[in-house]
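Quick note: the coordinates plus some simple rules give every number you see, no bench work behind them. Computed from a predicted model, the values in this text were never measured in an experiment. As a convention, Cβ positions derive from the backbone with ideal geometry for all residues, glycine included, and neighbour counts pool all protein chains shown.
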Amino acid sequence: MKKLEIEIRETKDLSEQQIVEINGLKQQHWKYSEAEHMRWFRENIKQDDKHVLLREGGELAAYLNIVNVDVKISGKTIKMLGIGNVCVSVTKEGSGMGAVLMAVTNSYLKRKKLCGILFCRDKVVGFYIRAGWEKVEAREIAVEEKLCDCNAMIYDPLRTIPENIEKISVNRDF
């Protein structure tokens, strides 16, 4: 196995080449053009947002971003960290890179003493459950006040989130 390197960087510390590299990895999973990925990144990612980059032998093998979000749960607003754009290079799928990426992220959340939230498709819910996340059985999920047809997953090591959630709403896309 080649050497694994893990970096957590703020957007302001990413080079243009690293942003292109991140968008190239995302493009393997979300079939938008390079220009569309770049536009989304520029419009939605803030300078103090964090990026977890997992490299194997110098090549980007897995990636996700971490953003500050306000989450409204059953009428109460909670500061959380939104986990977005979780992806592993198609050449590394099944190698455990995703598990490593999530373990690093879970450790980061614990250190920050904050809960994490992410949204995902049905086919990856099991992966996140194995990574220690819990599926929220909310009747309504919204991002930027738009209903979302997705699953909400919570990482709550401090057990601060109420159990019976009717509605969950996040103030920004990530």
The farthest towards the positive end of the charge dipole of the chain, of the residues Phe119, Ile154, Ser89, given +1 on Cβ of Lys and Arg and -1 on Cβ of Asp and Glu, is Ile154
Mean-position separation - Cα centroids, the stretch 122-172 and the stretch 1-62, in angstrom: 24 Å
Rounded to the nearest 500, what is the chain's calculated 222 nm mean residue ellipticity when only DSSP H runs of at least 4 contribute -39500 (n - 2.57) each, over all residues? -8000 deg cm²/dmol
Quick one: grab Rg to one decimal and Dmax as a whole number for the chain, Cα atoms only, in Å. 15.7, 48
Would you mind checking which residues have amide H under 5 Å from Val136's amide H? H placed 1.01 Å from N; only 5 or more apart, or other chain. Ala152, Met153, Ile154
Calculate one ³J(HN,Hα) per residue across the stretch 81-88 by plugging θ = phi - 60° into the Karplus curve 6.51 cos²θ - 1.76 cosθ + 1.60, and present them in order as whole Hz with x for glycine and proline. 10, x, 10, x, 6, 5, 8, 10
At 7 Å along Cα-to-Cβ for each site, give me the label-to-label distance between Glu34 and Asn171 in nm. 3.6 nm
Using the Cβ atoms and a cut-off under 15 Å, what net charge is assigned to the surroundings of His37, where Lys and Arg are +1 and Asp and Glu are -1? -2
May I ask for the angle, rounded to the nearest 10°, between helix 97-112 and the longest principal axis of the chain, with both axes built from Cα atoms and the value confined to 0 to 90°? 50 degrees
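How much length would be gained if the chain were fully extended between Glu140 and Gln17, taking 0.36 nm per residue of separation minus their Cα-Cα distance, in nm to one decimal?
40.4 nm
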Treat every Asp and Glu Cβ in the chain as -1 and every Lys and Arg Cβ as +1, leave all other atoms uncharged, and give the resulting dipole magnitude about the Cα centre to the nearest 20 debye. 440 debye
So the angle from the long Cα axis of helix 34-44 to the longest Cα principal axis of the chain, reported in degrees to the nearest 10, equals 40 degrees
